[in-house]
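The values are calculated or read from the model by the stated rules, or taken from the named source; none is laboratory data. The shown structure was predicted, so the numbers you read here are calculated from the model rather than taken from an experiment. Virtual Cβ from ideal backbone geometry, glycine too; neighbours counted across all protein chains shown.
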Amino acid sequence: MGTTVIRGGLVITAADEANTDVLIEGGRVAALAAHDSEVARAWAGSADRVLDATGRYVIPGGVDAHTHMEMPFGGTFAADTFETGTRAAAWGGTTTIVDFAVQTVGESLRAGLDAWHAKAEGNCAIDYAFHMILSDVNPDTLKEMDGLVDEGVTSFKLFMAYPGVFYSDDGRILRAMQRAAGNGGLVMMHAENGIAIDVLVEQALAAGRTDPRHHGEVRHALLEAEATHRAIQLARVAGAPLYVVHVSATEAVAELAQARDLGLPVFGETCPQYLFLSADDLAAPDFEGAKYVCSTPLRPREHQAHLWRALRTDDLQVVSTDHCPFCFKGQKELGRGDFSKIPNGLPGVENRMDLLHQAVVDGRISRRRWIELACAAPARMFGLYPRKGTIAPGADADIVIYDPAAIQVMSAETHHMNVDYSAYEGRTVTGRVRTVLSRGEVVIDDRSYTGRAGHGRFVARETCRYPG
Ligand code: URP
Ligand code: ZN
Ligand code: ZN
Ligand code: ZN
C-alpha cells in the first residue's frame, strides 16, 4: 500500500473544521497541511493516489457502538451477517462497529466471545470490536470479566428487561458493576423494568390488545425512567461508571441529566429511530407496525424534542444504531396476533451518518457535533480514540469523503442491508457518502464497492476514556 492524498475537501472533526489536505501512509494518517500550501502541493505531486474532495466534506469514518449482527432473538436471528452488515455499514460511511457478543445462560463468557469471533473473523469489510452481553452473572462470570477487559472487550451489557432471557436482577447487576469498578470495564444498561412490563404484556394480550402498537404502550416510558434511575443508583453504590443504551423517553433523559448535574460518570446514547420515528409508525395498519418494533420502543412524537435537546446539551453523548434487522416476511410475521412474539429490532447501520447529517441541514446540531456524536464520542467512550473517531496524525485512515449537497431517497430497493424493508422508506435526505477508506484502503470508491470480506480486523479496545 503506497501513499494517498485526499485533497481539496473541508476536513471536519469533533474539534475543528479546516480546508486541509490529508496525507495517508501505511494505513494511517501521516499529516495534514493547508490546501494549496507548498507542502500539500508536493504531496499531491508524489502520492500514489490522489482523491479529489473538492466541494466535499472529509470526515472520520463513523463508529457505530451498538450493532447486533446474526443476533439470536425470539427464535430467529438478526438478518445481517457480519459480511452483509459490515458492507452495508461501509456504504453508509461507518468504518468501525462494536457488536454485542452474547453469553447464553449456563455458558461461560469465553464460549460466547469465541462464538462471536468465529462469526466475524474473515467476514468483515470494516474493523470491528465487541462488547459482552452478560446473561448469567455468577462467581465464574465475574472472574471472567477481568480477562475480557485484558483482551480488549472492555464493556458489558446487562439487561433489566427480558426476564427469562437476558434479564439480571438488581443483586447480579450490583455485583457486575462492582467488578467493573475494579477492572476498568464499562457497564452498559438496557434500562426497562422487564418484570413490570411482562405483567402489562400479559394483561394486554388477555384483553385482546395484540397489535404492534401495544408493544409501545406496555413498555411504558415511566418503566424506562424507573429502571434508568435504579441503574444510576446501583452504579453509584458500586462506584462504577454507567452507559445507558437506546434511551428513548423524556423521563429517562431527565434521570440522566440529574445524575450528570451531580457530576456522576453517567452517560447515554440514543438512536436515529427515536429521533426520526415515533409511536405513529408503530401504529401503522395491516401489521406494518411490526417493522418498527424494538425495545426500548418508539415513543410518541413529543419525546423527540427532548432527545435532540439532550444531544445538544451533552446529557446524551452518543448516537448508535442498535442495528438488529429482522425481515418483515418470515421474521416480524412471527408476531402476527401476538405483539410479544415480534422479534425486537430495527435495521439502520447504513442510515445513521446520513440521518444525522440531515439534522445538520435542519439546524438541529452543528457539523462538529455530528462528528462528535457519530465518531469521536463513541470512540472515546469505548476505548478506540484517537485510533478511531478522528482525523489526526497517527490515527487509522478511516475516512469518508461526503457530498453534503447530494439528495437521496432512502429505500429498501437501494440499501445494502440484508433486510426486506427500510425503516425510512421514501424519506429524502440531503447528503451522501461518496468514498470510504478503511485503514487507508478504499472500500467504497465514488459509490462503488471495492472492499472485501476479511479486510476488517478485530480491534482490542482500551478502557473508557470519556472525561467526567
Ligand atoms: O429491540 C432491540 N433493541 N433489539 C436488540 C436488542 C437490544 O435490546 O438492544
Ligand atoms: Zn437493549
Ligand atoms: Zn415536552
Ligand atoms: Zn441492542
Filter result for Val237 (farther than 24 Å from His303 by Cβ, more than 16 Å from ligand 1 (Cβ to nearest atom) and not hydroxyl-bearing (Ser, Thr, Tyr)): yes
Please state which one of Ala290, Ala254 is more than 17 Å from the chain's Cα centre (by Cα), within 16 Å of ligand 3 (Cβ to nearest atom), hydrophobic (A, V, I, L, M, F, W, C) and in a helix (DSSP H, G or I). Ala254
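Report yes if Leu109 is within 16 Å of ligand 1 (Cβ to nearest atom), surrounded by 24 or more Cβ atoms within 10 Å (Cβ to Cβ), within 25 Å of the chain's Cα centre (by Cα) and hydrophobic (A, V, I, L, M, F, W, C), otherwise no. Talk me through it step by step, then tell me what you get.
Values: within 16 Å of ligand 1 (Cβ to nearest atom): no; surrounded by 24 or more Cβ atoms within 10 Å (Cβ to Cβ): yes; within 25 Å of the chain's Cα centre (by Cα): yes; hydrophobic (A, V, I, L, M, F, W, C): yes.
Against the criterion (within 16 Å of ligand 1 (Cβ to nearest atom), surrounded by 24 or more Cβ atoms within 10 Å (Cβ to Cβ), within 25 Å of the chain's Cα centre (by Cα) and hydrophobic (A, V, I, L, M, F, W, C)), Leu109 does not qualify.
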Within the range 21-62, residues of a type in the set (Ser, Thr, Tyr) and within 24 Å of Thr96 (Cα to Cα) come out as Tyr57
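When only residues in the range 293-308 that are touching a residue at least 40 places away in the same chain (Cβ under 8 Å) and assigned to a helix (DSSP H, G or I) count, which is surrounded by the fewest Cβ atoms within 10 Å (Cβ to Cβ)?
Here is the first cut: in the range 293-308, the ones touching a residue at least 40 places away in the same chain (Cβ under 8 Å) are 293-299, 302-303, 306-308.
Narrowing further to those that are assigned to a helix (DSSP H, G or I): 302-303, 306-308.
On the way: Glu302: 10, His303: 23, His306: 22, Leu307: 24, Trp308: 17.
In this case the residue turns out to be Glu302.
Is it the case that Leu316 is assigned to a loop (DSSP other than H, G, I, E, B), in contact with a helix residue (DSSP H, G or I) (Cβ under 6 Å, 6 or more places away or on another chain) and within 30 Å of Asp80 (Cα to Cα)?
Details: assigned to a loop (DSSP other than H, G, I, E, B): yes; in contact with a helix residue (DSSP H, G or I) (Cβ under 6 Å, 6 or more places away or on another chain): yes; within 30 Å of Asp80 (Cα to Cα): yes.
It is true that Leu316 is assigned to a loop (DSSP other than H, G, I, E, B), in contact with a helix residue (DSSP H, G or I) (Cβ under 6 Å, 6 or more places away or on another chain) and within 30 Å of Asp80 (Cα to Cα).
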Do the conditions hold for Val318, that is, is it at pLDDT 95 or above, within 16 Å of ligand 3 (Cβ to nearest atom), within 30 Å of Thr76 (Cβ to Cβ) and crowded, with 24+ Cβ neighbours inside 10 Å? no
Look at the range 192-209 and say how many of its residues are in a loop (DSSP other than H, G, I, E, B) and within 30 Å of the chain's Cα centre (by Cα). 2
Show me the strands (runs of 3 or more DSSP E) found entirely inside the range 27-118 where at least 2 residues are within 25 Å of Leu134 (Cβ to Cβ) and in contact (Cβ under 8 Å) with a residue 12 or more places away in the chain. 62-67, 94-102
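Could you tell me whether any residue of the range 140-150 is small (Gly, Ala, Ser), surrounded by fewer than 16 Cβ atoms within 10 Å (Cβ to Cβ) and closer than 26 Å to Glu255 by Cα?
At the first step, the residues of the range 140-150 found to be small (Gly, Ala, Ser) are 147.
So of that shortlist, the ones also surrounded by fewer than 16 Cβ atoms within 10 Å (Cβ to Cβ) come out as 147.
Next cut, closer than 26 Å to Glu255 by Cα only: none.
No, the range 140-150 contains no residue that is small (Gly, Ala, Ser), surrounded by fewer than 16 Cβ atoms within 10 Å (Cβ to Cβ) and closer than 26 Å to Glu255 by Cα.
Condition first: farther than 21 Å from Arg110 by Cβ and assigned to a helix (DSSP H, G or I). Now tell me which residues in the range 147-176 satisfy that. Full working, then the answer.
Pass one, the range 147-176, residues farther than 21 Å from Arg110 by Cβ: 160-164, 167, 169-171, 173-174.
Scanning the range 147-176 gives Asp170, Gly171, Ile173, Leu174.
Going by the structure shown, is Glu217 surrounded by fewer than 22 Cβ atoms within 10 Å (Cβ to Cβ), in contact with a Leu (Cβ under 7 Å, 6 or more places away or on another chain), among the charged types (D, E, K, R) and modelled with pLDDT of 95 or more?
Judged against the criteria, Glu217 is not a match.
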For the range 35-78, name all the residues that are farther than 22 Å from Asp354 by Cα and within 16 Å of ligand 1 (Cβ to nearest atom). Glu70, Met71, Pro72, Phe73, Gly74, Gly75, Thr76, Phe77, Ala78
